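Comments concern the structure below.
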Amino acid sequence: MNHDTPLRRFRSYLGVSQETLAESLGVTRGHISHLELGFSLPGPNLLIDLVDVYRVQLLRCDITLEDILRGTFRHDGRRTKKAA
């Protein structure tokens, strides 16, 4: 099973723990873990909250959502070459 999902990569890139993210969203750490692993999907309200949390962080970083989803960023914030 691949545990390196886009949600987990971005949370790790931001240096935020599952516990901290869960507290800011009003859910449990276990729920964040299940979302990251793909065991569950966020409801509409949580999805909006996730987008808001990550959008604010994206504005502070020099990366795009596409970089996150494709995994074309490094933990130092620099982009990697896109895989063919």
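Bear in mind that the values in this text are calculations on the coordinates, not laboratory data. The shown structure was predicted, so the numbers you read here are calculated from the model rather than taken from an experiment. Note that each Cβ is placed from the backbone with ideal geometry, even for glycine, and that neighbours are counted across all protein chains shown.
Here are some notes:
- For VAL16 and LEU41, the FRET efficiency from 1/(1 + (r/R0)^6), where r spans their Cβ atoms and R0 equals 22 Å, is about 0.60.
- Difference of contour (0.36 nm per residue) and Cα-Cα distance, THR5 to ASP52: 15.0 nm
- The order of ILE48, ILE32, going from fewest to most other C-beta atoms within 10 Å of their C-beta, is ILE48, ILE32.
- Burial ordering of VAL16, VAL51, fewest other beta-carbon atoms within 10 Å first: VAL51, VAL16
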